[in-house]
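Let me begin by presenting the structure, written as structure tokens, before commenting on it.
Rule-based calculations on the coordinates, nothing more; no lab input. On a predicted model such as this, the values are computed, not experimentally measured, just so you know. Reconstructed Cβ throughout: ideal geometry from the backbone, glycine too, with neighbour counts over all protein chains shown.
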Amino acid sequence: MWIRIPVCCLIIVLSLLVEVKQIPAAETTGKSKPNVLLIAIDDLRTELGCYGLPYVQSPSLDQLASEGVLFTNHFVQVPTCGASRYALLTGRSPASSGVTRKNQAFYSGASALSAKQTAGAQTMPELFRRSGYRTTCIGKISHTADGRVFEYNGKGDGRDELPHAWDELATPFGSWKRGWGIFFAYANGRSREDGSGIRDLMEFKVEQDEDLPDGLLAKAAIEKLREYKAGDQPFFLGLGFFKPHLPFVAPKQDWDAFENVDIPPVPHPEKPESAYWHKSGEFYSYDMEYEKTRPLSRAARENVRRGYLSCVRYTDRQVGKVLKTLDELGLRENTIVVVWGDHGWFLGDSALWAKHAPLERALKSTLMIRAPGVAEAGLKSAALVETVDIYPTLIDLCQPAFRKTEYPLDGKSLKPILTGEKTEIRKAALSYWSNAVSVRTQQYRLTATMKKGKPTDIELYDVTDTPDPVENLAKSKPKVVQQLMEFIPEKK
């Protein structure tokens with residue numbers, strides 16, 4: 001028997017069905033969707049064996065690079081932790097977001113993320129969560145050390161730094177008790193932020209990896225992978241290692257491993273004639289047993305470089321443990337692995353010991369992607385790429401069910417680079433620092449401070465000669481300056 005249904009009722013029913021279809025729900029996805037393992041490493045410049053530096057001991061990262069694509073010209077949006085991670089996780093360029101410096105951008109000021117869920121995803125992990133992925137944060141993925149809003153001194157309400165992004169905040173604290181304690185950690189539960197007054201620049205005395213936080217992070221990630229293996233959802237695991245960020249603290253074995261290694265001196269340790277040089281305040285606030293002269297002597301510089309490389313070795317070993325577990329659990333072929341350094345770091349170059357400058361060594365950082373069945377194994381790409389490209393790349397690779405973002409994504413998918421289909425996706429990479437904008441092409445880096453739309457403190461360097469700001473070519477090459485200035489978008 002046919003039943004007559006009024007046309008108006010039929011329209012209502014159909015509209016409800018459309019609404020239901022738009023609701024992001026786990027039932028629209030299955031475990032066949034690619035998993036994502038996003039490994040963020042703080043202050044990791046391109047000082048690795050896979051970048052052609054044989055004195056560095058980074059076998060795990062070198063192996064990963066050989067199995068995926070290594071980007072040799074990856075540049076961050078901002079040379080500081082919080083603002084760089086804001087660009088990564090929101091997919092927004094500072095030209096759109098206005099975030100050119102502030103570490104608290106996720107939860108403070110006009111850039112703060114809404115505590116109320118918005119129509120579109122505000123961040124990358126939220127988008128995957130709304131697509132049915134199981135999302136977990138271990139360590140430093142956003143600015144805070146464990147994904148909770150607390151300041152260095154412990155003040156804060158502990159809310160999620162990324163609202164609606166994570167199913168779990170699973171960072172282990174060990175004996176350090178709280179987030180920033182594990183970030184600025186020394187052995188035996190001590191921390192730069194615990195009120196004890198400890199400010200040693202370096203410490204290499206513990207014997208076991210898990211006597212320090214990064215070892216605990218790796219252990220927690222391994223346990224989480226085993227849990228994922230037994231589950232029925234695809235996963236998005238954000239794993240953020242702390243080292244080689246200051247202070248330089250790692251197990252004794254990592255320090256000892258460089259005892260007989262010839263670490264080359266920096267090519268240009270002198271202070272440059274640059275408006276963007278600064279005094280490395282955080283570095284010089286640490287206690288140095290051997291000396292505290294400015295600039296450091298050559299022997300002191302080499303000692304500090306050894307400390308940095310020891311921390312890189314420690315983190316590399318933790319990455320290796322996690323990747324080995326991924327293989328052992330049979331998860332490798334369906335898991336995309338991204339290793340990303342949140343910015344570079346001056347390691348005595350140009351008499352600088354920090355980031356916080358719109359210059360080459362602070363803006364260039366590590367990026368490698370292993371995408372099984374997609375990425376061309378062992379490819380080294382010299383394409384100019386930006387941190388904001390990672391978000392659209394993962395959407396392109398994973399095809400998540402929910403793809404609506406609260407703001408347009410400013411990056412470009414790197415999938416054509418991964419497959420070898422293309423060798424470049426842009427002519428210039430842009431970075432920001434306060435009122436300064438930096439434009440990087442294959443040959444040059446231009447940096448200028450923008451005041452009321454007009455450039456000042458213009459510096460131009462030929463990066464094919466050296467990454468360091470040795471000779472400012474701005475006056476001798478006005479046409480090049482003009483060409484690169486055209487890449488800078490007008491302020492909205």
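Points worth noting:
- Members of 364/454; 454/491; 33/415; 140/219; 229/324 lying beyond 19 Å, as alpha-carbon distances in this model show: 364/454
- The equivalent ellipsoid that matches the C-alpha gyration tensor of segment 62-192 spans semi-axes of 23, 21, 17 angstrom, in descending order.
- Convex hull volume of the Cα atoms of segment 30-426, normalised per residue: 133 Å³.
- Per-peptide average of other Cβ atoms within 10 Å, ordering 270-278, 34-42 highest first: 34-42, 270-278
- In plain terms, the chain from residue 442 to residue 454 could stretch by 1.9 nm, reckoned as 0.36 nm per residue minus the Cα-Cα distance.
- Straight-line reach from residue 475: taking Cα to Cα under 20 Å and skipping same-chain neighbours fewer than 8 places apart, the aspartates and glutamates in range are 273, 360, 457, 459, 462, 465, 486.
- From phi via Karplus (6.51, -1.76, 1.60), per-residue ³J(HN,Hα) for segment 358-374 in Hz, x at Gly/Pro: x, 10, 3, 5, 7, 9, 8, 8, 6, 8, 9, 9, 10, 10, x, x, 10
- Radius 12 Å from Cβ of residue 262, net charge of other residues (Lys, Arg +1; Asp, Glu -1): 0
- Global geometry of segment 384-445, whether rounded, prolate or oblate, following the gyration tensor of its Cα atoms and the 1.5 cut on a/c: oblate
- A Cβ-based charge dipole, computed about the Cα centre of the chain with Lys and Arg at +1 and Asp and Glu at -1, lands at about 1480 debye.
- 5 angstrom amide H check on residue 386, placed H, neighbours 5+ away: 75
- Three-way shape call for segment 289-359 based on the alpha-carbon gyration tensor, with the a/c threshold at 1.5: oblate
- Sequence ranges 382-390, 175-183, ranked by mean other-Cβ count within 10 angstrom, highest first: 382-390, 175-183
- Whole-Hz ³J(HN,Hα) from phi, Karplus 6.51 cos²θ - 1.76 cosθ + 1.60, for segment 201-206, glycine and proline x: 5, 9, 7, 9, 9, 6
- Near residue 131: Cβ cut-off under 9 Å, other residues only, Lys/Arg at +1 and Asp/Glu at -1. The net charge is +4.
- A cut-off under 9 angstrom between Cβ atoms defines the neighbours of residue 401, and their net charge, with Lys, Arg +1 and Asp, Glu -1, is +3.
- Cα long-axis angle, helix 298-328 against the chain (0 to 90 degrees, to the nearest 10): 30 degrees
- Highest mean first, the peptides 335-346, 200-211, 137-148, 230-241 sorted by other C-beta atoms within 10 Å per residue fall in the order 137-148, 335-346, 230-241, 200-211.
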